[in-house]
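Colleague: Below you will find the structure I want to go over with you.
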Amino acid sequence: MLRLKLKAHRLKDPILRKIRSGLRSILLLEYKKKELELRKRLSFATDDQKEIEILKQRHDLSMSLHRSPINCFFYGNHMGDLVQDPDSLFWYCPHHIP
Ligand SMILES: [Zn+2]
C-alpha cells in the first residue's frame, strides 16, 4: 500500500511551543476531569441502557481526544510536534506513526 509522506506541524518558535504545551495541558486536564466524571457515573448506573449511554459518551470523549493534536496516541507525549494518521485520524509523534 502506498503511504503518503506525512509532515509534522512543526513549531520552531520556543514561545509558541510553550503556549502550545500549555494549551495541551489544559485540554488534557479537562479530558481527565470529564473521563473521571463518566467513570463515576458508570459505577452508579442502575440499568444496562444507562451503562451503554455512558460507555458511548466515554468512547466519543476518547475519540475527540485522539483525533485532536493534543497528544501522541501511541505514547501520550504531548510536548512535541505531531503528525495525523490519515486512516485513523489519530495524532502521533513523527517517530510513532504506524
Ligand atoms: Zn509518540
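Colleague: From the list Ile97, Ile19, Ile26, pick out the single residue that is surrounded by 14 or more Cβ atoms within 10 Å (Cβ to Cβ) and β-branched (Val, Ile, Thr).
Modeller: Exactly one of Ile97, Ile19, Ile26 is surrounded by 14 or more Cβ atoms within 10 Å (Cβ to Cβ) and β-branched (Val, Ile, Thr), namely Ile97.
Colleague: How many of the residues in the stretch 79-94 are surrounded by 13 or more Cβ atoms within 10 Å (Cβ to Cβ) and either closer than 23 Å to Leu38 by Cα or among the charged types (D, E, K, R) (or both)?
Modeller: 3
Colleague: Exactly one of these conditions fails for Leu11: (1) of a type in the set (A, V, I, L, M); (2) within 16 Å of the ligand (Cβ to nearest atom); (3) not in a helix (DSSP H, G or I). Give me its number.
Modeller: Failed condition: (2).
Colleague: Right, next: Find all pairs meeting these conditions: Cβ atoms under 9 angstrom apart; at least six residues apart or on different chains; first residue within the stretch 57-86 and over 16 Å from Glu30 (Cα atoms); second residue of a type in the set (Asp, Glu) and surrounded by 15 or more Cβ atoms within 10 Å (Cβ to Cβ).
Modeller: Phe73/Asp85
No lab work stands behind these numbers, since they all come straight from the coordinates. Here the structure is a predicted model, which is why all the values come from computation and not from measurement. Cβ sites come from the backbone with ideal geometry, for glycine too, and all protein chains shown count toward neighbours.
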